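Below is one structure, written out as C-alpha cells; comments come after it.
The values are calculated or read from the model by the stated rules, or taken from the named source; none is laboratory data. Keep in mind that what you see is a predicted model, and the values were worked out from it rather than measured. Here the Cβ is made from the backbone with ideal geometry for all residues, glycine too, and neighbour counts use every protein chain on show.
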C-alpha cells in the first residue's frame, strides 16, 4: 500500500517521463500501458507459445524461434549444476523500427521508457530465457551467446523480449548445449545450487513458540493493524540483499525526493524506473528496514509485487532473523481512514508469500524452507486501509545458505593484527573497527611473506594522468623495502575495458618471459573490470596469474556511470592533472551497469581465484570532492563508497573479504600526502591505513593460495 504523497510522487514520475519522451505506441493502436499484465506461467497457454519437438532431458537442441512465438519450450530439463551454453543468430524486424536487430535486441530509445518488457534491462526482441514456468522464474538475457550454470531444476524456455501484444518479423536460430551435468535434485526436493537441494524440514530453534516474540501483523504509524507477517528469512543482511538482488527484486526509494531524482536519472540514462517508494509500516516499534519490489516500468504506480522486511531484535541459532510482510498490489481502492485513494491488494495473500518462495529458491541462495502455523494464526483480516484479505495462516520460513566464500572474519583478524602490530602506516590510528566493518579482537600470527608471487596493481580511470598520487604508492615502497617483494603499478589509459584488458594481457605475457613467478593482480576501481576482461579474452595471459583481488572494484559497474565523465573532467581541472591519455567517454561506457552485467552473465565463473573487498562510507566520511556523486548514488543504495555500490564491488563466485569504512578515494589513493592546499580542502576525508590494508590483502591471498589455514577465530 502507498500513502497519497507517494501516489502523487508516482504521478509526477510519469509526467517527467512523458515530458521527456513521447508515449510508446505499439501495434494495434493500444498504448503500451494498456496491455494486460501476463504472468510467465500464463504465457505458456497463449497462441504465441510453442513447444519444441524434443524429448525431455536431451543434452542439446537446435531450434528456431519465430517472431510470433513469445516463448518456446526447448524440451530440455536442467538440474542444479548443469553448465549450459545457449547461442542465437538471425534477425528480427520490429514494425516500428527502421532496421532489424540481432539476438541482442533493438537498442532502447526514449519511447521505451514506458514500454513493458519481460526483461526490462534488455533490448526489444532480444533473445531471452528462463528456467521453470512459475511466476517467480527469473528471466535472463541470452543475446548472441550465454553460458550459465543452473542453480535449480526445471524446464528451459527461450523467448523474445516483447510485450504480449507485440510480434516481430523474422526468426532466431537457437542452439542449446548442456556442457556438463554435475548432479541432480533429490526426489521431492526443491533444487538450488550445484550439489545441494532445498529440503522442507524443521529448522532448529525456529518453532511455533518463537512467534510469541513476533507480532502477527504490522501496523501503520497510528497503530492501526495492517498486513500479516507471512514470511521469515534466516541469514545475514549481506545474504538477504544478495538473495533478493539475484531474484530480480529492487529496493524501493524511501522518500518522494529520492523517487523523483531516481526517475529523472533513469530517464536521462534511458532506463525504466521501478523503485516507486512504498509507505512506512511498523513492526518491533519501527518502520521497515528494507522494502523490495518486482514491477513493470509503468504499472509500478498501480500494480507490483512488494514486501517489507524488519530485522528482529533476536537471533536464532546465531542467525539473524528477518520478518517480512508481502502483498501484491493489483489496482486502486478507497482508504477508509481518510476517504483517500490507496492501493488495492490481492486478497489471496498466500499467493504473494509463495511468489517470494519461488522467486528466491530459484536463485540458489536458499538452503532450507518450511512452513510454520503459529498459534492464533491470521486467516481473515483487514489492512489498515480497510481492504480484506485471507490466508491459510502459515508463515513461510527460508534459511539462506551459508557460504565458504565469505572469508571476511579471517581477513578482519589479519588486517587488525597487521595494523596493530606492524604499524606500517605513519601516524596514530584508532581501533580496527574504525576502518573495517567486520573487525574483531582476534589476533593472527604474522610470519614472513614469501617472495613466491609478484604483485601488480591496476588502478582506475585517470591513472594515466600526470598525478602525484598513484594507488598504494606508500604501500608498494613498504612491501619492497621491508619484505623484498616484487610490486608494481601498471597505469592504463582512459579507454574501454576491452582495450585496457588487451594491454594488461600483453604486459603479463611479456613480463613472464624472464620470470616464471605468477602474478597476484589487484584491480582498484575500473582496474577490476579491465583485468577481468583481459583474462577472459586471453587465456594464455590468465595462466600467468595466481589470483585476482578487487578493492572497491567496479565489477558490476555503477548506476551513475553516465554522470561520471563530468565529474572526471572537474577532477582533472581541480587536481591539475594536465594531459590525460585516452578517451573518458569510452572508459566510462565500460562502467555502465548493463555493460558489466552482460559481461558477468556471459562469464559467470572467475577464470582465476578471485577475492573482493568492498568500501562503504557515510556522508560524514566522504570527501567534499565526492559528495555530489555520493548523494546521487545514495538514491540507489545506502551502502556505497560514492562511486560503486557495495554489491557491485563483489566478484560473483569469488571470496568475499569484507568491507572497509572509507570513500572511493581513501581506500587506495594517498591524497592526504600532497602539498597542494586546495586539493587537501577538497579531499578532506583521506586518512586511512592503506599500507596495512595492502599488506593484509597480500598475506591473506598468499596464505589461501598455499593452502595455509586462515587466521584462527
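Conditions (1) modelled with pLDDT under 95; (2) surrounded by 23 or more Cβ atoms within 10 Å (Cβ to Cβ); (3) in a loop (DSSP other than H, G, I, E, B), marked per residue:
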position: 447; (1), (2), (3): yes, no, yes
position: 457; (1), (2), (3): no, yes, no
position: 461; (1), (2), (3): yes, yes, yes
position: 481; (1), (2), (3): no, no, no
position: 492; (1), (2), (3): yes, yes, yes
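Which numbered condition trips up residue 204, out of (1) under 25 Å from residue 363 (Cβ atoms); (2) surrounded by 20 or more Cβ atoms within 10 Å (Cβ to Cβ); (3) at pLDDT 50 or above? With (1) under 25 Å from residue 363 (Cβ atoms); (2) surrounded by 20 or more Cβ atoms within 10 Å (Cβ to Cβ); (3) at pLDDT 50 or above applied to residue 204, the lone miss is (2). Scanning the stretch 73-83 for residues that are more than 19 Å from residue 604 (Cβ to Cβ) and either within 28 Å of the chain's Cα centre (by Cα) or surrounded by fewer than 18 Cβ atoms within 10 Å (Cβ to Cβ) (or both) turns up just one, 77. Scanning the stretch 124-140 for residues that are surrounded by 22 or more Cβ atoms within 10 Å (Cβ to Cβ) and more than 19 Å from residue 80 (Cα to Cα) turns up 124, 125, 126, 127, 128. Exactly one residue out of 412, 381 is touching a strand residue (DSSP E or B) at 6+ places or on another chain (Cβ under 9 Å), more than 22 Å from residue 149 (Cα to Cα) and outside any helix (DSSP H, G or I): that is 381. Kindly indicate the residue of the stretch 384-402 that is surrounded by fewer than 16 Cβ atoms within 10 Å (Cβ to Cβ) and in a loop (DSSP other than H, G, I, E, B) and also farthest from the chain's Cα centre (by Cα) among those meeting that condition. Among them, the one singled out is 386. Any residue that is within 32 Å of the chain's Cα centre (by Cα), modelled with pLDDT of 55 or more and assigned to a strand (DSSP E or B) - is there at least one of those in the stretch 96-106? Among the residues of the stretch 96-106, at least one is within 32 Å of the chain's Cα centre (by Cα), modelled with pLDDT of 55 or more and assigned to a strand (DSSP E or B), which makes the answer yes. Condition test on residue 626, is it crowded, with 22+ Cβ neighbours inside 10 Å, touching a residue at least 24 places away in the same chain (Cβ under 8 Å) and within 30 Å of residue 607 (Cβ to Cβ)? So residue 626 fails the test. In the set 697, 669, only one residue is within 30 Å of residue 539 (Cα to Cα) and either at pLDDT 95 or above or out of contact with any helix residue (DSSP H, G or I) (no Cβ under 8 Å at 6 or more places or on another chain) (or both); that residue is 697. You will find that of 470, 491, the residue that is within 15 Å of residue 669 (Cβ to Cβ) and out of contact with any helix residue (DSSP H, G or I) (no Cβ under 9 Å at 6 or more places or on another chain) is 491 and no other.
Counting the residues of the stretch 146-161 that are modelled with pLDDT of 90 or more and either assigned to a strand (DSSP E or B) or more than 24 Å from the chain's Cα centre (by Cα) (or both) gives 6. Is there a residue in the stretch 530-547 that is under 22 Å from residue 584 (Cβ atoms), in contact (Cβ under 8 Å) with a residue 60 or more places away in the chain and touching a strand residue (DSSP E or B) at 6+ places or on another chain (Cβ under 7 Å)? Among the residues of the stretch 530-547, at least one is under 22 Å from residue 584 (Cβ atoms), in contact (Cβ under 8 Å) with a residue 60 or more places away in the chain and touching a strand residue (DSSP E or B) at 6+ places or on another chain (Cβ under 7 Å), which makes the answer yes.
Table: residues versus (1) touching a helix residue (DSSP H, G or I) at 6+ places or on another chain (Cβ under 6 Å); (2) farther than 30 Å from residue 543 by Cβ.
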| site | (1), (2) |
| --- | --- |
| 388 | no, yes |
| 422 | no, yes |
| 433 | no, yes |
| 449 | yes, no |
| 477 | no, no |
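Yes/no matrix, rows are residues, columns are (1) part of a helix (DSSP H, G or I); (2) out of contact with any strand residue (DSSP E or B) (no Cβ under 6 Å at 6 or more places or on another chain); (3) under 30 Å from residue 363 (Cβ atoms); (4) at pLDDT 75 or above:
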site	(1), (2), (3), (4)
569	yes, yes, no, no
572	yes, yes, no, no
577	no, yes, no, no
594	yes, yes, yes, yes
599	yes, yes, yes, yes
605	no, yes, yes, yes
613	no, no, yes, yes
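Scanning the stretch 330-347 for residues that are part of a strand (DSSP E or B) and modelled with pLDDT of 80 or more returns a single hit, 345. When 260, 301, 316, 323 are checked against the criterion of being modelled with pLDDT under 90 and closer than 25 Å to residue 398 by Cβ, 316 stands alone in meeting it. Being in a loop (DSSP other than H, G, I, E, B), at pLDDT below 70 and crowded, with 22+ Cβ neighbours inside 10 Å is a condition met by at least one residue of the stretch 239-254. Residue pairs whose Cβ atoms lie under 8 Å apart, separated by 6 or more positions or on different chains, with the first residue in the stretch 384-405 and more than 21 Å from residue 219 (Cβ to Cβ) and the second surrounded by 19 or more Cβ atoms within 10 Å (Cβ to Cβ) and modelled with pLDDT under 80, are 397/203; 397/206; 399/203; 399/319; 401/192; 401/193; 401/196; 401/364.
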